[in-house]
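The values are calculated or read from the model by the stated rules, or taken from the named source; none is laboratory data. Keep in mind that what you see is a predicted model, and the values were worked out from it rather than measured. Cβ placement follows ideal geometry from the backbone for every residue including glycine, while neighbour counts extend to all protein chains displayed. Remember, those area values only see protein heavy atoms, side chains included, never the ligands or the DNA or RNA. Shrake-Rupley method; radii C 1.70, N 1.55, O 1.52, S 1.80 Å.
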Amino acid sequence: MSLPTHLTLEIVTPDRALVTEDVDEVQLPGTEGYLGILPGHTPLLTALRVGPLWYRKGTEKFYLSVAFGFAEVLPDRVRLLARIAERAEEIDVDRAEEHRRKAEEMLQAAKAGNTDIDLERARVSLMKALTRLQVAGRHSAHAASQAKRRN
Amino acid sequence: MPSLIDLRRRIRAVKSTQQITKAMKMIAASRLRKSQERVVNARPFAIEAMRMLRDLAARTDASSHPLLAVREEKTVLAFVLTADKGLCGSFNTNIIKAAGQAILARSNQMVMLGLIGRKGRDFFRRRGYPVAYERVNVFQHLKFEDAEDIANVAIEEYAAAKVDAVYLIYNEFKSVIQQRIVAEKLLPIPRADLNEVDAAARMDYIYEPDPATLFDRILPGHVRVQVWHALLESAAAENAARMTAMDAATKNATDMIDGLTLYMNKVRQAGITREIIEVVSGAQAL
């Protein structure tokens, strides 16, 4: 069997099918660590954690933030069932910043001994906000470098 | 015989009612389009999740998992999905009737109710049924978190062996003019669904983390997706029902206006004829 030359990436969330594209490389946040996937990967099934994901098409990189769900990898295919997934350009930086601030406050309050606060929840929401900010930041940095190269 | 003025007033009243029903129909139509879109958009996720679960179940020993354990049904939890608002034809009546019948059919079992939607909650609460869970105002802004909450309740009750089965009773959106009531078993997850696997799925996989842990996470996910799907179906069916009901109401109002206008003209003509007769006979008397 010849090795496939590219991957078909599918990302679906409960609300929509977000991505269906042929790509060259994917990196995704598995529970046990980041996984870089090239065409011809061994079949794999993993749970996802909150974190950034990127995929590469030629020289162009695309960034997404994903949270919770599963990914199935086949030699010519990557399927992602994510609870939440957003493209970098969709992320509202101000809102993410706001969420980060709130989550940090909650964690501070929890440290100060306030037991009403759901620590796990605050932690997850902080992770989500940080991921979003990181993804949005990377996306704009990448876009800038691409623009520079073109000029 | 009613006077001309009364009839005119009546026609005006029917007309303004008609305007309202027409507006409500338009609103329902636009909401229907949106909710229909959401049902379609949610489908790939549900299908993929089901497939993944099935493949995994074939490759791991799943029989021991608490969410698959089949027990004798002594206590069951039934989630009934109704609308929050009325004016949608027989949408709510039908689902409440179906739920009532299901309860009667299980008279030797204990039926707990999980009520989603104001109409169903009001009905069953007033009649003193045992309610395990209730929630209103979810359909206005349907979010996946709502489905998660409901699914979590089902999972907790089932895993703690407080109930022996969980059912979902809801209106499925078949077409704009047709809704179908379905009663679906949510838990235990039916084994038949898990057993049919094609050979290609039996490939050697790497698992992260190990299959058992993965299975533990996928099963609740599956339950959530099912609840989510039911919520979306119900929302679409509700909007469809409301649209047809309001369309019928608008038509009825048109018929009524026509009838009343005809009657009014007859009354008017009778009045004119009478006056002429009076004038003529008055002239003759001179």
Do the conditions hold for B:Val138, that is, is it open to solvent by 40 Å² or more (accessible area, probe 1.4 Å), touching a Leu at 6+ places or on another chain (Cβ under 8 Å) and at pLDDT 80 or above? no
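Counting only residues that are charged (D, E, K, R), part of a strand (DSSP E or B) and open to solvent by 30 Å² or more (accessible area, probe 1.4 Å), how many does the range A:61-85 have?
Counting residues in the range A:61-85 that are charged (D, E, K, R), part of a strand (DSSP E or B) and open to solvent by 30 Å² or more (accessible area, probe 1.4 Å) gives 4.
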Can you pull out every residue in the range A:131-145 that is more than 16 Å from the chain's Cα centre (by Cα) and open to solvent by less than 40 Å² (accessible area, probe 1.4 Å)? none
One residue is enough: does the range B:124-133 have a residue meeting the conditions free of Cβ contacts under 8 Å to residues at least 12 places away in the same chain, among the basic types (Lys, Arg) and under 30 Å from B:Ser30 (Cα atoms)? no
From A:Leu28, A:Leu18, A:Leu35, A:Leu7, residue being within 20 Å of B:Met52 (Cα to Cα) and either away from every other protein chain (no Cβ under 14 Å) or over 17 Å from the mean Cα position of the chain (by Cα) (or both): A:Leu7
Any residue at all in the range B:76-88 that is touching an Asp or Glu at 6+ places or on another chain (Cβ under 7 Å), assigned to a helix (DSSP H, G or I), more than 12 Å from every other protein chain (Cβ to nearest Cβ) and in contact (Cβ under 8 Å) with a residue 24 or more places away in the chain? no
Condition met for A:Gly40 (out of contact with any Cys (no Cβ under 6 Å at 6 or more places or on another chain) and in contact (Cβ under 8 Å) with a residue 40 or more places away in the chain): no
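Would you mind finding the one in A:Leu80, A:Leu74 that is at pLDDT 90 or above and within 12 Å of another protein chain (Cβ to nearest Cβ)?
Values: A:Leu74 fails: at pLDDT 90 or above.
The match here is A:Leu80.
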Any idea which of (1) out of contact with any helix residue (DSSP H, G or I) (no Cβ under 7 Å at 6 or more places or on another chain); (2) open to solvent by less than 50 Å² (accessible area, probe 1.4 Å); (3) farther than 29 Å from B:Ala42 by Cα is the one B:Arg121 doesn't satisfy? (3)
Considering each of B:Thr75, B:Thr93 in turn, give the residue that is buried (at least 17 other Cβ atoms within 10 Å of the Cβ) and farther than 30 Å from A:Glu72 by Cβ. B:Thr75
Can you tell me which condition A:Ala96 does not meet? The list is (1) of a type in the set (Gly, Ala, Ser); (2) within 14 Å of chain B (Cβ to nearest Cβ); (3) outside any strand (DSSP E or B), and all the others hold. (2)
Apart from one, (1) over 30 Å from A:Phe70 (Cα atoms); (2) open to solvent by less than 50 Å² (accessible area, probe 1.4 Å) all hold for B:Leu286; the odd one out is (2)
Residues satisfying the stated conditions in the range B:19-61, i.e. away from every other protein chain (no Cβ under 12 Å), assigned to a helix (DSSP H, G or I), more than 24 Å from B:Glu172 (Cβ to Cβ) and open to solvent by 30 Å² or more (accessible area, probe 1.4 Å): B:Gln19, B:Ile20, B:Lys22, B:Ala23, B:Met26, B:Ala58
